[in-house]
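For reference, the structure discussed in these notes is given below.
The values are calculated or read from the model by the stated rules, or taken from the named source; none is laboratory data. If you're wondering where the values come from, they're calculated on a predicted model, not measured in any experiment. In this analysis, Cβ positions are derived from the backbone assuming ideal geometry, glycine residues included, and neighbour counts consider all displayed protein chains. Surface accessibility is based on the protein's heavy atoms, side chains included, excluding ligands, DNA and RNA. Shrake-Rupley method; radii C 1.70, N 1.55, O 1.52, S 1.80 Å.
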Amino acid sequence: MRSPETLSLTIWGARGSIPAPGPHTLRYGGETTCLEIRAGSHVLLIDCGSGARRCGAAFAQEGIEQLDVLFTHTHMDHLCGLPFFCSAYDPRVEVSLWAGHIPPGGTLEEIVERMMSPPIFPVATSALRNTDFRAFKPRSTFTLNSGLEVSSTRLNHPGNGCGFRIDWCGSSIAIITDHEHGDAVLDDEIAEFVTGADLMIYDAMYLQDEYPRFVGWGHSTPTKALELAARSGVAMPVVFHHDPSRGDDALDTVAREIAVQHPGAMVAKEGETIHLTGGTVEVGTRRAA
């Protein structure tokens with residue numbers, strides 16, 4: 001049993017754009033974005049990419065009865081696991097789905113209904129049994145159904161995006177994905193938002209020499225992740241949203257390089273759990289479903 005003061009993050013999916021299973025992704029994983037966060041008894045997910053399928057199976061084994069899912073945005077790589085997330089179909093489990101990036105006049109429910117409708121998908125949203133859809137305003141602090149407070153910020157990504165911060169018993173986790181650096185005002189807001197965070201997940205889909213070919217695509221680099229961490233006093237930057245073509249050997253190289261530049265920096269690895277308790281950090285492996 002973990003201390004009720006422990007803040008934990010488990011990575012169920014760390015890829016961007018599309019799932020990338022295969023021999024080149026065995027160590028870092030091929031599932032798309034899904035992050036489990038636990039703050040004492042509070043359970044929440046950031047995004048419901050393809051990694052959400054195995055996450056939901058693990059929750060079912062554990063008997064989780066209430067959880068919140070926060071969407072950074074609703075591109076398919078962050079949403080495609082929802083129709084396979086068994087917790088959302090279980091009438092014994094209360095699931096709240098949150099979004100703050102959607103322009104006025106649109107809703108998260110409408111987006112999910114478009115995905116979960118024939119001929120795209122055979123099961124309608126009415127099958128999501130004890131599930132409700134909720135909205136929040138970006139750049140606000142809001143309270144989840146579990147009672148946990150979460151702060152949000154705007155991100156620079158096509159179609160908008162939201163970042164999140166969870167502070168719990170003296171520990172903090174910031175989630176900044178999907179985001180492209182370069183907007184000075186927004187970058188200043190994000191730097192302030194993540195200041196002093198113990199752990200920061202940061203979009204680093206492209207390497208620095210690749211980035212010029214992808215300006216405007218809504219993603220950043222390991223170099224910018226480390227610059228932001230140094231500027232804002234982030235102890236553990238974790239680079240995330242790996243390009244689907246980037247294999248394990250290439251990510252090993254990234255891991256070595258960023259660890260030299262910023263002790264504590266890591267490359268996100270599927271199945272890994274990071275526990276924060278009173279200033280101490282423990283990295284381990286979450287039991288897979």
- For the chain, calculated [θ]222 nm from helices alone, where every DSSP H run of n ≥ 4 adds -39500 (n - 2.57): -6000 deg cm²/dmol
- Message: Please report the carbon-and-sulfur percent of the accessible area for the range 1-88; probe 1.4 Å, protein heavy atoms only, DNA, RNA and ligands left out.
- Response: 59
- So what does residue 183 come to for accessible area, using a 1.4 Å probe and Å² rounded to 10? 70
- Task: Report, in degrees rounded to the nearest 10, the 0 to 90 angle that the Cα long axis of helix 222-232 makes with the longest principal axis of the chain.
- Result: 90
- Query: If you bin every alpha carbon distance in the chain into 10 Å steps from zero, what whole percent lands in each bin?
  - Reply: 7, 31, 39, 20, 3, 0
- Contact order normalised by residue count of the chain, Cα under 8 Å, 6+ apart, percent: 20
- Evaluate E = 1/(1 + (r/R0)^6) for residue 60 and residue 141, where r is the Cβ-Cβ distance and R0 equals 30 Å; express this FRET efficiency to the nearest 0.05. 0.45
- Message: In Å², and per residue, what accessible area does the range 176-267 have when probed at 1.4 Å with the other protein chains present?
- Response: 40
- Query: What nm distance separates the two modelled labels at residue 132 and residue 2, each placed 7 Å from Cα along Cα→Cβ?
  - Reply: 2.6
- So, in Å, what gap is there between the alpha-carbon centers of the range 157-173 and the range 248-287? 18
- For the range 216-289, Rg(Cα) over 2.2 N^0.38 Å is 1.18
- To the nearest 10 degrees, how steeply does helix 52-62 sit against the main Cα axis of the chain, on a 0 to 90 scale? 70
- Quick one: accessible area per residue over the range 79-166, 1.4 Å probe, rounded to a whole number of Å²? 49
- Query: Ordered by packing density, taken as the mean number of other Cβ atoms within 10 Å over each peptide's residues, highest first, how do 254-260, 72-78 rank?
  - Reply: 72-78, 254-260
- Message: At 0.36 nm per residue, and after removing the present C-alpha to C-alpha distance, how many nm does the segment from residue 257 to residue 215 gain when stretched out fully?
- Response: 12.8 nm
- Message: Can you compute the FRET efficiency between residue 249 and residue 76 using 1/(1 + (r/R0)^6), with r the Cβ-Cβ distance and R0 = 35 Å? Round to the nearest 0.05.
- Response: 0.80
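Tell me, what % of the accessible area of the range 171-283 is carbon and sulfur with a 1.4 angstrom probe?
Working: 2380 of 4420 Å².
Solvent-exposed carbon and sulfur of the range 171-283 make up 54 percent of the total.
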- Item | GNM result for the chain, Cα springs below 10 Å: residue of 213, 92, 129 fluctuating most strongly | 213
